[in-house]
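The values are calculated or read from the model by the stated rules, or taken from the named source; none is laboratory data. If you're wondering where the values come from, they're calculated on a predicted model, not measured in any experiment. Cβ atoms come from the backbone with ideal geometry, glycine included; neighbour counts cover every protein chain shown.
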Amino acid sequence: MPYERPLFLFVSPLLAAAALGCAADRPSQPEGWDSAVALRPALDRDARPEVVEVDLTARVEEVEIVPGKRTPTWTYDGGLPGPLIRARVGDRVIVNFRNELPAPTTIHWHGIRLLAAMDGAPGHSQPETPPGGGFTYDFVVPDAGLYWYHPHVDSAVQAGNGLYGPLLVEDPSEPAGLGDELVLVLSDISLRDDGTLEDPQVGGNLGTLFGREGDLLLVNGRVNPVIEARAGLRQRWRIVNAAKSRYYQLMIADHRFTRIGGDGGLLERPVTTDRILLTPGERADVLVVPRGAPGSTLPVRWVPYDRGYGATFGRPEVEAFRLRLAAEPAAEDAPLPEVGRDIPALDTAAATRVDLKLTQQESPGGVEMGINGVPSWEAEPLVAAVGETSVWTVENTMDFDHPFHLHGFFFQVLGADGEPVRPMEWKDTVNVPVDGAARFAVRYDNRPGMWMFHCHILDHAEAGMMGMLHVIQ
Ligand code: C2O
Ligand code: CU
């Protein structure tokens, strides 16, 4: 059995038969093809099929990120990234969390439409969990898609030190045979010569302003791993950008990707593209068919994306990971099954409006950012009512892009004309470009409470670019 499918033990015999049937129809990837990017599965302690119960402990552990060097890293369960939690749509997920870090923390379940009390927003959902303390997260996962978890206390430091992990919510009714699946957690990290983590404040105010990027690109915690592939066979990559500042733009020479999903599950219909762009926090569900001479290598390149001032001072392209094609000749894959879904546009005729500006303010104490000129620690919450539909316009007044994230609700991105961008998709994070704005429509379903929104460049969030939305009954 593939390493990452322990929960299929609990899938009904019918589904299991369907899955096996499909595996038999398609030729297979080389033996051990995905072992270089294997994720540790979270162990489900609950035998009930519709309940996933896992233990998760945050602690400092020495991890070998660069060969021969021991790096004391902040981890979930001792590894980088945290274990893959796998559930199916509608499951109840229980996470028995223990904090063995030297600092207080919480866990935020990025993208999941859960109750506010489980959202991990310190001071709003729950108190911070102190060192030696614990918290039980208990929520239902209503939507298929790739999600992720990370701390919401001192998040630039804590996520930057290694605290992040994937949560995959599968939909058993999805067509089989989309491709051989990988979950890829992209991030980056900087190490000193002795292997220890770089100072999270490196670069001072300028570091905060630009957003700190690590020098080493990590794919599931590994530097430049090699994925074995059979030419002609479709792979399905479920990708999350868990880096605290770095935008990931990926390309493979002479290849195109078919994107079938994003933050909140499948798109209305697939789109093809020559590159995948993910801001921090965003996810993509993409298909790729590697092609080339048997035995050859295909670099998957990180290509610079200008998120302001060249953002990276001409940082060169770098190989993020690579595909190595097996010696066998190309295989013939089964045709791509039809994949997509109806996403009705939210009715905005009577929508309320939220108008925000992302700002940087004069401040004696260093770099201060905010929303509408006010840093998070001085901001009054926005107020909205359950059932309301709202159109947000988020304007960028700075010389850097900002990936804007709203907790708890999916939204539909609107074009300048106010119409939804096609193909339609549900999102929770959207880029706000330099000199531009992002517009989206959101409906507050019946989950009252305090919800955060912020820039997902975590250095910016911690510098004040965060706010609160109070949804009242
Ligand atoms: Cu991943 Cu408050 O966010
Ligand atoms: Cu920002």
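Is it the case that some residue within segment 146-157 is farther than 20 Å from ARG59 by Cβ and either small (Gly, Ala, Ser) or within 16 Å of ligand 2 (Cβ to nearest atom) (or both)? No, segment 146-157 has no match at all. Applying the set (1) buried (at least 16 other Cβ atoms within 10 Å of the Cβ); (2) away from ligand 1 (no atom under 14 Å from the Cβ); (3) assigned to a loop (DSSP other than H, G, I, E, B) to PHE440 leaves exactly one unmet item: (3).
When GLY408 is tested against (1) outside any loop (DSSP other than H, G, I, E, B); (2) closer than 20 Å to MET466 by Cβ, only condition (1) is not met. Put simply, of VAL318, VAL226, VAL240, VAL288 the only residue that is β-branched (Val, Ile, Thr) and farther than 19 Å from ASP34 by Cβ is VAL318.
For segment 262-304, what are the residues that are surrounded by 18 or more Cβ atoms within 10 Å (Cβ to Cβ) and in a loop (DSSP other than H, G, I, E, B)? Answer for segment 262-304, where residues must be surrounded by 18 or more Cβ atoms within 10 Å (Cβ to Cβ) and in a loop (DSSP other than H, G, I, E, B): ASP263, GLY264, THR279, PRO280, GLY281, GLU282, VAL289, PRO290, GLY292. Does VAL434 meet the test of being surrounded by fewer than 19 Cβ atoms within 10 Å (Cβ to Cβ), within 12 Å of ligand 2 (Cβ to nearest atom), β-branched (Val, Ile, Thr) and in contact (Cβ under 8 Å) with a residue 40 or more places away in the chain? Yes, satisfied.
Under the condition of being outside any loop (DSSP other than H, G, I, E, B) and of a type in the set (S, T, N, Q), which residue from segment 355-386 is surrounded by the fewest Cβ atoms within 10 Å (Cβ to Cβ)? That would be GLN361.
Here VAL185, VAL157, VAL140 are screened, and the one residue that is more than 23 Å from LEU277 (Cβ to Cβ), in contact (Cβ under 8 Å) with a residue 24 or more places away in the chain and within 16 Å of ligand 1 (Cβ to nearest atom) is VAL157.
Across segment 389-416, the qualifying residues are those that are small (Gly, Ala, Ser) and modelled with pLDDT of 95 or more, and the one among them that is surrounded by the most Cβ atoms within 10 Å (Cβ to Cβ) is GLY408. Screening the candidates ILE227, ILE189 for the property of being closer than 30 Å to GLY366 by Cα and of a type outside the set (Gly, Ala, Ser) yields one hit, ILE189. The strands (runs of 3 or more DSSP E) located wholly in segment 65-137 that include 3 or more residues which are in contact (Cβ under 8 Å) with a residue 60 or more places away in the chain, under 16 Å from SER155 (Cα atoms) and not assigned by TED's automatic domain parsing to the domain that holds THR429 occupy 71-76.
What tally of residues in segment 221-261 results from selecting those that are of a type outside the set (Gly, Ala, Ser) and part of a loop (DSSP other than H, G, I, E, B)? Of the residues in that region, 13 qualify. For segment 305-329, taking the residues that are in a loop (DSSP other than H, G, I, E, B) and touching a Lys or Arg at 6+ places or on another chain (Cβ under 7 Å), the one that is farthest from VAL286 (Cα to Cα) is identified as GLU328.
Counting only residues that are surrounded by fewer than 13 Cβ atoms within 10 Å (Cβ to Cβ) and charged (D, E, K, R), which one in segment 312-344 is farthest from LEU209 (Cα to Cα)? By that ranking, first place goes to GLU332. Looking across segment 387-405, just one residue is aliphatic (A, V, I, L, M) and either assigned by TED's automatic domain parsing to the domain that holds MET118 or part of a loop (DSSP other than H, G, I, E, B) (or both), and that is MET398. Suppose the filter is closer than 27 Å to LEU146 by Cβ, touching a residue at least 24 places away in the same chain (Cβ under 8 Å) and in contact with a helix residue (DSSP H, G or I) (Cβ under 9 Å, 6 or more places away or on another chain); does ARG447 pass it? Taking the combined requirement at face value, the residue satisfies it.
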